[in-house]
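Working notes, structure below.
The numbers here are math on the coordinates, done by the rules we state, and not lab data. It should be emphasised that the depicted structure is a prediction, and the values quoted were computed from it without experimental measurement. Ideal geometry is used to build each Cβ from the backbone, glycine not excepted, and the neighbour counts take in all protein chains shown.
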Amino acid sequence: MKVLVINAGSSSLKYQLLDTDTQDVLAKGLCERIGIDGKFTYKAPGKETIDAVDTPMPTHNEAIQAVLNALIDPANGVISSMDEIDAVGHRVVHGGETFNRSVKIDDKVMAAIEECNPLAPLHNPANIIGIKACQALMPNTPMVAVFDTAFHQTMPSVAYTYALPYEYYENDKVRRYGFHGTSHKYVAQRAADMLGKPIESLKLISCHLGNGSSVTAVKNGKSVDTSMGFTPLAGVPMGTRSGDLDAGILEYLMNKHGMDIKEMLNVLNKKSGVQGVSGVSSDFRDLSKAAGEGNKRAALALDMFSYGVKKYIGAYAAAMGGVDAIIFTAGVGENDAGQRMAIASGLEFMGVKMDPDANNVRGHEAIISAIDSKVKVLLIPTNEELMIALDTAALV
Ligand code: AMP
């Protein structure tokens with residue numbers, strides 16, 4: 001089955017056309033600066049690449065049209081007509097408590113996604129615009145919504161409830177939702193495949209470490225706790241996000257510097273994390289270079305990151321009563337051997353023993369723990385698009 005996967009943001013749209021039988025990516029690319037001037041990128045194996053070419057995109061409709069035109073282009077396209085697209089899978093950030101799995105989109109589902117908008121005001125409306133643009137151009141093609149939050153809906157109340165007055169949960173839906181669910185679900189299943197054991201028998205800790213990072217406890221195939229919370233601001237320190245912090249700091253800093261809540265949140269989301277501590281960069285490559293050259297704040301930021309992830313691993317091993325495997329994925333998890341080593345070292349007491357040579361890899365599936373390590377440590381590149389495509393194919 002050929003599935004078009006769409007990840008729509010407010011001014012950008014990522015796309016991939018996948019064959020779910022072979023799991024091959026037939027074509028992929030990006031529409032950027034939608035509503036501004038419009039840039040279009042397209043890549044397909046064996047075809048001419050289109051690299052950020054000016055393409056007018058006043059709205060998402062023109063962006064989707066540009067994608068379809070490229071896919072069916074006689075010279076560089078990969079399909080002969082739009083009818084070859086069997087289904088479209090849409091990434092949707094927030095499904096609230098309404099969606100605990102992917103769903104086929106109809107009017108009722110659209111209304112329910114819109115009801116989740118207040119929970120993700122920056123993301124869900126853009127996802128909805130992407131869905132509507134596809135519906136307008138492909139009215140007869142089935143569409144599926146795949147939610148970042150859905151995998152975490154199995155968390156027990158003890159993990160998702162905040163110690164706030166209970167009315168805020170009951171009336172205002174304030175609770176831990178968690179994000180990166182599609183990624184955690186994908187790598188957890190791959191881990192079970194790599195270990196040759198049913199996922200229902202495993203206790204896994206999945207570390208999705210990228211620009212945004214989250215750690216998830218996956219017990220018997222189900223998410224039972226995760227480090228991100230009501231929003232993706234919580235958990236470990238990230239590229240530019242603070243992660244967990246004492247809420248009392250907000251009032252103190254807002255009073256001291258005359259900031260309103262919007263300015264404060266801008267600091268927490270965009271100016272904090274390893275970028276804020278180091279003053280160098282949010283990119284771990286830049287931080288490693290700076291630390292290597294003696295920059296103490298860059299070294300501190302890197303140490304705070306690995307320490308933060310390590311603490312979550314300890315907490316989730318306790319929460320699950322043990323752990324069979326720890327998974328590293330996403331930009332940092334897949335590429336940064338130093339961070340993986342720093343996170344996993346010192347965990348020998350709980351049966352984690354790394355193999356430094358095996359850990360010296362990048363970007364492909366590998367067991368990076370020592371043969372005699374009780375807890376296996378795995379590197380698994382994430383593939384959210386494939387997961388979305390497979391969910392979509394299964395539903396249509
Ligand atoms: P993601 O959000 O999963 O795309 O991850 C992006 C982040 O991965 C970047 O900001 C970098 O910090 C990190 N990253 C990518 N490649 C490398 C690398 N070779 N070494 C260390 N970090 C990397």
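Roughly how compact is the range 261-324, stated as its Cα Rg over 2.2 N^0.38 Å to two decimals? Before the final figure, lay out each step's value.
Details: Rg = 14.9 Å, N = 64, 2.2 N^0.38 = 10.7 Å.
My calculation over the Cα atoms of the range 261-324 gives 1.39.
With label points built 7 Å along Cα→Cβ from the Cα atoms of residue 137 and residue 349, find their separation and express it in nm.
In this crude label model, residue 137 to residue 349 measures out at 5.6 nm.
Taking the 0 to 90 degree range and rounding to the nearest ten, how far is the long axis of helix 181-195 tilted relative to the main principal axis of the chain, both from C-alpha atoms?
70 degrees
Please report Rg over Rh for the range 72-193, where both radii come from the alpha carbon positions and Rh follows the Kirkwood definition. Could the numbers behind the result be given before it?
Values: Rg = 17.3 Å, Rh = 16.2 Å.
Radius of gyration over Kirkwood radius for the range 72-193 works out to 1.07.
Sorted by average packing, counted as other Cβ atoms within 10 angstrom per residue and highest first, what order do 174-186, 151-163, 257-269 take?
Numbers: 174-186: 25.2, 151-163: 16.3, 257-269: 13.0.
Averaged packing, sorted descending, gives the order 174-186, 151-163, 257-269.
Using 10 Å bins from zero, what percent of all Cα-Cα pairs in the chain falls into each bin?
Pair shares across the bins are 5, 21, 30, 28, 14, 2, 0.
Considering only the other residues whose Cβ falls under 12 Å of the Cβ of residue 273, what net charge follows from Lys and Arg at +1 and Asp and Glu at -1? Before the final figure, lay out the partial values.
Numbers: positive: 241, 270, 271; negative: 244, 283.
Charge balance near residue 273 sits at +1.
Against the longest principal axis of the chain, how steep is helix 124-137, in degrees 0 to 90 to the nearest 10, with axes from Cα atoms?
20 degrees
I need the peptides 93-101, 355-363 ranked by packing, meaning the mean over residues of other C-beta atoms within 10 angstrom, with the highest value on top. Mind dumping the intermediate values first?
Values: 93-101: 18.9, 355-363: 13.2.
Highest-to-lowest ranking by the protection proxy: 93-101, 355-363.
Convert 4 °C to kelvin, take the viscosity as 1.567 mPa s, use the Kirkwood radius over C-alpha pairs of the range 171-305 as Rh, and evaluate the Stokes-Einstein diffusion coefficient in µm²/s, rounded to a whole number. If you can, show how the numbers build up before the last one.
Numbers: Rh = 16.5 Å.
Here the translational diffusion coefficient equals 79 µm²/s.
Report, as a whole number in µm² per second, the diffusion coefficient that Stokes-Einstein gives for the range 12-87 at 10 °C and 1.306 mPa s using the Kirkwood radius over alpha carbon pairs. Walk me through the intermediate numbers first.
Details: Rh = 12.5 Å.
Diffusion coefficient, whole number: 127 µm²/s.
How much length is gained if the chain between residue 114 and residue 21 is pulled fully straight, taking 0.36 nm per residue apart and subtracting their Cα-Cα distance, in nm to one decimal? Don't skip to the end; give the middle numbers.
On the way: separation 93, 0.36 × 93 = 33.48 nm, distance 3.23 nm.
Contour length minus the Cα-Cα distance gives 30.2 nm.
Once the other residues with Cβ under 11 Å from the Cβ of residue 57 are scored (Lys, Arg +1; Asp, Glu -1), what is the net sum?
-2
Percentage of Cα-Cα pair distances in the range 311-382 greater than 15 Å, rounded to whole percent? Please report the intermediate quantities before stating the final value.
Numbers: 1208 of 2556 pairs.
Result: 47 percent of Cα pairs exceed 15 Å.
Against the 2.2 N^0.38 Å scaling, with N counting residues, where does the range 169-237 land? I'd like the Cα-based Rg ratio to two decimal places. Numbers along the way, then the final one.
Working: Rg = 13.0 Å, N = 69, 2.2 N^0.38 = 11.0 Å.
Normalised Cα radius of gyration, the range 169-237: 1.19.
Fully extended, how many nm does the chain gain between residue 362 and residue 270 (0.36 nm per residue separation, minus their Cα-Cα distance)?
Details: separation 92, 0.36 × 92 = 33.12 nm, distance 2.78 nm.
My answer for the length gained is 30.3 nm.
So how much slack lies between residue 252 and residue 53, counting 0.36 nm per residue of separation and subtracting their Cα-Cα distance, in nm? Mind dumping the intermediate values first?
Values: separation 199, 0.36 × 199 = 71.64 nm, distance 4.73 nm.
Additional length available on full extension: 66.9 nm.
From the convex hull of the Cα coordinates of the range 236-350, what is the mean projected area in square nanometres?
Details: hull surface 33.8 nm².
Averaged projected hull area, Cα only: 8.4 nm².
Among 124, 64, 155, which residue has its Cα furthest toward the positive end of the charge dipole of the range 50-204, with +1 on Lys/Arg Cβ and -1 on Asp/Glu Cβ?
Towards the positive end, the residue furthest out is 155.
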